[in-house]
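Undergrad: Okay, here's the structure, questions in a sec.
The values are calculated or read from the model by the stated rules, or taken from the named source; none is laboratory data. All of these numbers come straight from a predicted model, not from anything done at the bench. All Cβ positions, even for glycine, are placed from backbone atoms using ideal geometry, and neighbour counts span all protein chains on display. Side chains are part of the model used for accessible areas, which takes the heavy atoms of the whole protein and leaves out ligands, DNA and RNA. Shrake-Rupley method; radii C 1.70, N 1.55, O 1.52, S 1.80 Å.
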Amino acid sequence: MKLIVNGEPREREAADIESLFRIEAEETGIETPQGIAIALNGQVVRRRDWAATPLADGDRVEIVRAMQGG
């Protein structure tokens with residue numbers, strides 16, 4: 001399916017947010033979802049809801065990592 005992930009068009013075979021996170025994490029070297037926030041079409045999705053939140057063709061997903069610093 002066609003998704004926009006962090007502003008970039010992607011073809012992904014992911015049925016839900018959790019599956020997409022696993023694919024993206026593997027490609028970027030993220031080892032744990034700790035400190036990660038995901039928004040689907042502008043709405044933050046709680047981590048406990050990732051597996052129950054389906055994706056649809058054309059969805060916009062933002063995956064961000066909290067960083068320390070100033």
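Undergrad: When the stretch 53-68 is examined, which residues are found to be more than 10 Å from the chain's Cα centre (by Cα) and open to solvent by 80 Å² or more (accessible area, probe 1.4 Å)?
TA: Pro54, Asp57, Arg65, Met67, Gln68
Undergrad: Please enumerate the residues belonging to the stretch 11-45 that are exposed (fewer than 10 other Cβ atoms within 10 Å of the Cβ) and modelled with pLDDT of 95 or more.
TA: Hits for the stretch 11-45 are Glu11, Gly42, Gln43.
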